[in-house]
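S.K.: My structure is below; once you've seen it, I'll send some questions.
The values are calculated or read from the model by the stated rules, or taken from the named source; none is laboratory data. Note that this is a predicted model, so its numbers are computed, not measured. Backbone-built Cβ (ideal geometry, glycine too); neighbour counts: all protein chains shown.
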Amino acid sequence: MLSVSEALKARTSIRAFLATPVPEALVREILDSARWSPSGGNLQPWKVIAVAGSERAAVIDLAQKVRAEHPAGEPTEFPIYPATLWEPYRSRRYLLGEAMYTLLQIPRADKAARLRQFDRNYEFFGAPVALFFVIDKRMGHGQWAHLGMFMQSVALAAIERGVSSCMQEAWAALRGALAHHFQLSDTELVYCAMALGYPDRTAPVNALRSERASVDEIASFRGFRA
Ligand SMILES: Cc1cc2nc3c(=O)[nH]c(=O)nc-3n(C[C@H](O)[C@H](O)[C@H](O)COP(=O)(O)O)c2cc1C
């Protein structure tokens with residue numbers, strides 16, 4: 001079994017999955033483990049909608065319809081990124097994209113091919129199972145952070161069981177349509193999706209190992225040395 005540190009390293013975003021099913025019992029086991037995530041006041045401000053089979057196909061169809069109508073995504077009060085990014089974030093995002101498209105041998109100028117790859121988000125990159133993470137809009141930034149912890153727990157509990165994942169905020173582009181489709185209450189919204197399945201090891205995109213800033217770049221240490 002993977003140690004926590006091994007699982008942290010082993011979890012990478014997988015963007016090409018095999019069709020091999022992930023049984024409901026295994027998805028339940030993953031969520032049963034992840035539900036022990038912490039949250040302020042123990043609110044547990046998360047709900048999960050897991051889809052497979054015909055329900056997965058229905059949301060893929062929905063995405064096609066909505067994206068034909070709103071190619072840039074539905075208007076949202078919670079955009080994925082700030083309108084403009086600043087350093088070092090802008091460069092980090094740029095480098096990730098370049099590393100991924102280099103692996104896929106898609107040059108910057110080939111916008112159509114880059115878009116086709118992006119569109120694979122809306123097929124869960126072939127994953128047989130997808131999770132949609134739902135939060136109540138009345139919650140504040142703290143609870144959104146706690147939902148993020150829960151999502152990381154899901155990804156780690158999955159990789160411990162040999163199941164790979166890709167978090168997919170791309171699905172935020174159709175929050176209104178998803179809320180309607182899943183019959184969410186007026187105050188609920190889908191924050192993010194997560195593809196779950198087994199990786200296609202032959203797919204070049206899955207070789208992507210994104211960079212991380214070093215500990216010295218992200219942390220300062222005070223009072224440790226006399
Ligand atoms: C909340 C969240 C949403 C994400 N949404 C997407 C997405 O829509 N599509 C995608 O391909 N990757 C998505 N990612 C994956 C990130 O690009 C990835 O986590 C980051 O580049 C680090 O790489 P790694 O996950 O392989 O370690 C998302 C990650 C997070 C945490």
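S.K.: Write out, first by first residue and then by second, each pair whose Cβ atoms fall under 8 Å of each other, whose residues are 6+ apart or on separate chains, and whose first residue, in the range 1-17, is β-branched (Val, Ile, Thr) while the second is within 14 Å of the ligand (Cβ to nearest atom) and part of a helix (DSSP H, G or I).
M.R.: Close Cβ pairs satisfying both conditions: Val4/Leu156; Thr12/Asn206; Ile14/Phe125; Ile14/Asn206.
S.K.: So which residues in the range 184-210 are part of a loop (DSSP other than H, G, I, E, B) and either near the ligand (Cβ under 9 Å from one of its atoms) or farther than 13 Å from Ser13 by Cβ (or both), if there are any at all?
M.R.: Leu184, Ser185, Asp186, Thr187, Tyr198, Asp200, Arg201, Thr202, Leu208, Arg209, Ser210 - these are the residues of the range 184-210 that are part of a loop (DSSP other than H, G, I, E, B) and either near the ligand (Cβ under 9 Å from one of its atoms) or farther than 13 Å from Ser13 by Cβ (or both).
S.K.: Still on this model: So how many residues does the range 1-46 have that are surrounded by 11 or more Cβ atoms within 10 Å (Cβ to Cβ) and among the aromatic types (Phe, Trp, Tyr)?
M.R.: The qualifying residues number 2.
S.K.: Would you check if Ala130 is at negative phi, within 15 Å of the chain's Cα centre (by Cα) and either within 13 Å of the ligand (Cβ to nearest atom) or acidic (Asp, Glu) (or both)?
M.R.: Here the answer is yes, as Ala130 does meet what is asked.
S.K.: Taking Ile159 as the residue in question, decide whether it is within 15 Å of the ligand (Cβ to nearest atom) and in contact with a Leu (Cβ under 6 Å, 6 or more places away or on another chain).
M.R.: no
S.K.: Exactly one condition in (1) assigned to a loop (DSSP other than H, G, I, E, B); (2) at pLDDT 95 or above; (3) within 16 Å of the ligand (Cβ to nearest atom); (4) not hydrophobic (A, V, I, L, M, F, W, C) is not met by Gln44; state its number.
M.R.: Failed condition: (3).
S.K.: Do you know which residues across the range 164-183 are of a type in the set (A, V, I, L, M, F, W, C), outside any helix (DSSP H, G or I) and more than 16 Å from the ligand (Cβ to nearest atom)?
M.R.: Hit for the range 164-183 is Phe182, nothing else.
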